[in-house]
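Peer 1: Have a look at the structure that comes next, please.
Just so you know, all these numbers are worked out from the coordinates, no wet-lab data involved. Small disclaimer: the values here were computed from a predicted structure and weren't measured. Glycine gets a Cβ as well: all are built from the backbone with ideal geometry, and neighbour counts include every protein chain shown.
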Amino acid sequence: MTSTFEPRTDAVPQPGRIARTLQSWFMRPARVAAVETLSPHFRLITLEGAALKDVAWTIGQKLQVAMGTGMTARTYTPIFWDAAAGRTQLLAYLHDLGTAQDAAPGSRWAAGLTVGAQYRVFGPRRSLDLSDPGSGRPVVVFGDETSFALAASLGPRSDNGTHLFEVSDVAEARLVLARMGLGDTRVIGRQAGDTHLAVAEAELARLAAGRVRFALTGKASSIQRMSRALKARGVPAARIRAKAYWAPGKTGLD
């Protein structure tokens, strides 16, 4: 989620009066401090601002960024949050690329970002709770391109486990994951009919024998299949957390 498009050069639509009022009440202003193109489909985005200082954040939480007119927003998983400096970092995946007009709103936004641009954000707030006090069990993330930021937020692995992702472009995914410090992550190329998920089931079954917890993220149907496979192997529900980030033909998942 390999074609690219030129960002739109016309002005970004501005929210109306009611939307501006609601944004000022509930959202924090933030400035784009840096944008790094990691590959054709990935942008590493740094946001900063005084309103991001002294903010409590935990791994797995979400941040929503307002874009375009009205209250349109897209959801991202912060990789880190520096409360002292008022700075956070997001990884955007540009999917449905074709023409600028056909691309999804989040893809258009990420493709056209410029340093200095001002936006409003909502959060961070609860999304995927990975807390498990006292267990000492590392987290294995299963997901796809939309899950890379969550894995990066967990930091380098010190155990023998690894994260596992289904991806559209294996070479691109490995490039981006290496850049994010996740070079040992397992990636599996998508196949027609989701036949590749049998390989993912076998890999998660192998990992289930260890002292790990699972964060199942990304595509809703893939999460359901992996959850069934883990439970069939006797993995208790307490060791499984799940959060669907998207589903084909549906909006509003985050």
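Peer 1: So how far apart, in nm, are the two label points at residue 117 and residue 221 if each is 7 Å from Cα heading toward Cβ?
Peer 2: 3.2 nm
Peer 1: Restricted to Cα positions, what overall size does region 150-254 have along the principal axes? Three whole-Å values, descending.
Peer 2: Extents along the principal axes: 38, 35, 26 Å.
Peer 1: While we're looking at this one, here's another question. Report the full-extension gain for the segment residue 55 to residue 131: residue separation times 0.36 nm, less the Cα-Cα distance, to one decimal in nm.
Peer 2: So the chain would gain 25.5 nm between residue 55 and residue 131.
Peer 1: On average, how much area does the Cα convex hull of region 166-219 cover when viewed from any direction, in nm²?
Peer 2: Numbers: hull surface 17.1 nm².
The directionally averaged projection comes out at 4.3 nm².
Peer 1: Also: What are the ³J(HN,Hα) values, in whole Hz, obtained from phi via the Karplus relation 6.51 cos²θ - 1.76 cosθ + 1.60 with θ = phi - 60°, for each residue of region 236-247 in sequence order, with x given for Gly and Pro?
Peer 2: Calculated HN-Hα couplings, in order: x, 4, 5, 9, 10, 10, 9, 8, 7, 8, 6, 8 Hz.
Peer 1: Summing +1 for each Lys or Arg and -1 for each Asp or Glu, what net charge is found among the other residues whose Cβ lies under 13 Å from the Cβ of residue 49?
Peer 2: On the way: positive: 28, 31, 53, 87, 120; negative: 48, 54, 82.
After counting each charged neighbour, the total is +2.
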